[in-house]
1. Might you check whether a residue that is farther than 21 Å from Ser238 by Cβ and of a type outside the set (Lys, Arg) occurs anywhere in region 132-151?
2. From the set of residues in region 206-227 that are of a type in the set (S, T, N, Q) and surrounded by 16 or more Cβ atoms within 10 Å (Cβ to Cβ), which is nearest to the ligand (Cβ to nearest atom)?
3. Within region 190-205, can you find the residues that are more than 19 Å from the chain's Cα centre (by Cα) and closer than 15 Å to Glu159 by Cα?
4. I'd like to check something: does region 145-154 contain any residue that is farther than 26 Å from Lys113 by Cβ and more than 12 Å from the ligand (Cβ to nearest atom)?
5. Restricted to region 257-278, and to residues that are touching a Ser or Thr at 6+ places or on another chain (Cβ under 6 Å) and polar (S, T, N, Q), which residue is farthest from Phe204 (Cα to Cα)?
6. Just need a number here: residues in region 249-266 that are in a loop (DSSP other than H, G, I, E, B) and away from the ligand (no atom under 16 Å from the Cβ).
7. Can you tell me which of (1) out of contact with any helix residue (DSSP H, G or I) (no Cβ under 8 Å at 6 or more places or on another chain); (2) within 16 Å of the ligand (Cβ to nearest atom); (3) more than 20 Å from Lys96 (Cα to Cα) is the one Glu203 doesn't meet?
8. With the requirement that a residue be without any contact (Cβ under 8 Å) to a residue 40 or more places away in the chain and not charged (D, E, K, R), what does region 74-91 give you?
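No lab work stands behind these numbers, since they all come straight from the coordinates. Source: prediction; values computed, not measured. Glycine also receives a Cβ, built like all others from the backbone with ideal geometry; neighbour counts cover every protein chain displayed.
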Amino acid sequence: MPITSTELEQYQRDGFLVLEGFVAANTCELLRARAAELVTEFDPGGTISVFSTTAQNHVRDNYFLESGDKIRFFFEEDAFFEDGTLKQSKERSINKIGHALHELDPVFSEFSKTPEIKALVADLSIESPLLLQSMYIFKQPKIGGEVTCHQDSTFLYTEPQDIAGLWFALEDATIENGCLWAIPDGHKLGLKSRWVRTATGMEFEIFDSSPWREDRLVPLEVSQGSLIILDGLLPHKSLANRSSKSRHAYSLHVINGNSRYPENNWLQRSVEMPLRGFD
Ligand code: FE2
């Protein structure tokens, strides 16, 4: 059994759970090598898309909005000089790859559907689980951008809300290189907003405009191979990485297949590629 009843109680109480040593070191290295290959093969051409949670400049960015059933590459906001050329190599400039690696890439697909992950999700009591989204996050040295405090359910909303984020540390994550920070038991305060599609683009539907209690954030420093499970309602963030070390992570979001998945969520799949579970 991947998690004990005590750990499950801890997850329900705090909204997150850290499981050290969940992924073997050689598997972490295999995933890192595969991501490096994907970036090397990626030809940006004219499709430069920047991922930023501070500027929200991907709001009208179709390259982002249509990436739910594709493998796409997003640059760090600080990757460019003013003239638009890259400050450092392409390999050192990508913020993340998303959002259907778990479906379309054989290496990430095999990892995402391992019996250990399937059993873990069963322990979390997510019914008829569907693998909604995957991201490979680089948090590049020096330029890795901040991700502001948010709840994943803002972006991946279901009714009822039953979603878990599985965040696999493929390298050590420390305060220095931009580890996750979370507000323990903050998942009990309800959803503050939803990011919804409108006729003209995306906008936030606000339910609670009070500020985050960022004074309650705690750092989740973990070693390579650790898994952090995050309730979709848990407020969390990560600071910019100004260190010389990267902080690679792979994240996978699983939803309850019996929940309603609204058509105005940003992430949509084509009819030819419906959401799938672990089979
Ligand atoms: Fe998140």
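1. no
2. Among those residues, the one meeting the criterion is Ser226.
3. Once the filter is applied, which keeps residues that are more than 19 Å from the chain's Cα centre (by Cα) and closer than 15 Å to Glu159 by Cα, region 190-205 yields only Gly190.
4. Among the residues of region 145-154, at least one is farther than 26 Å from Lys113 by Cβ and more than 12 Å from the ligand (Cβ to nearest atom), which makes the answer yes.
5. Asn258
6. Result for region 249-266: 7.
7. Condition (2) is where Glu203 drops out.
8. Across region 74-91, the qualifying residues are Phe74, Phe75, Phe80, Phe81, Gly84, Thr85, Leu86, Ser89.
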